[in-house]
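Scroll down for the structure; my scribbles are underneath it.
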């Protein structure tokens, strides 16, 4: 991604997160970036295309991080622990992206449905890990969909925690809290 496209991307993400998609205009994006509309339209055909690109890139980053980390692990509890840690790190580093994704989850417009699709696909990945962990006896039996949704929901919990506490996320501290409550509840006791 060239420098101008990256600047448009990053500025749009910040504005969408702060003001919302509908309240952010192309004019505001170009003014903040300091480029002409023609330059923006050279890289993106519309505000919707910027939004779609932003969501696609953010979800790809999250999915790739999870795939790379979990493929190296054999234990399914360890896979879930790595997912939780990556989710916290993503929120800490890319809070604006997560804010946009969560804020656009509800609704029936095309961008809402796109966010829902990506979130559901991501939850499906977690479901597969939970299901396989149950099959081999490493994860307690339970409703796979509920458990996977709870693990995904830690993204929202992390955002809420950060907003409520008013301070930056201490990744390892928060991870340990989630590990003690969520992971330990799923571990099969020997």
- Relative pair counts by distance (%), Cα atoms of the stretch 1-45, 10 Å bins: 31, 59, 11
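Which three numbers, in whole Å and largest first, are the semi-axes of the equivalent ellipsoid of the stretch 88-132 derived from its Cα gyration tensor as √(5λ)? Walk me through the numbers on the way to the answer.
Numbers: eigenvalues 83, 58, 6 Å².
Value: 20, 17, 6 Å, ordered largest first.
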- Message: Ratio of alpha-carbon Rg to the 2.2 N^0.38 Å globular estimate for the stretch 47-186, to two decimals, please.
- Response: 1.05
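Specify whether the C-alpha gyration tensor of the stretch 98-172 places it in the rounded, prolate or oblate class, a ≥ b ≥ c being the square roots of the eigenvalues: rounded for a/c under 1.5, otherwise prolate if a/b is larger than b/c and oblate if not.
Values: a/c = 3.08, a/b = 1.28, b/c = 2.41.
It comes out oblate by the Cα gyration axes.
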- Message: I need the shape label for the stretch 1-90. Rule: rounded when a/c is under 1.5, else prolate if a/b > b/c, else oblate, with a, b, c from the alpha carbon gyration tensor.
- Response: prolate
- Item | Rel. contact order, % - alpha carbon contacts under 8 angstrom, at least six apart, the chain | 23 percent
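Read-outs throughout are calculated quantities, based only on the coordinates presented, and are distinct from any laboratory measurement. Everything numeric in this text was worked out from a predicted model, so none of it was measured.
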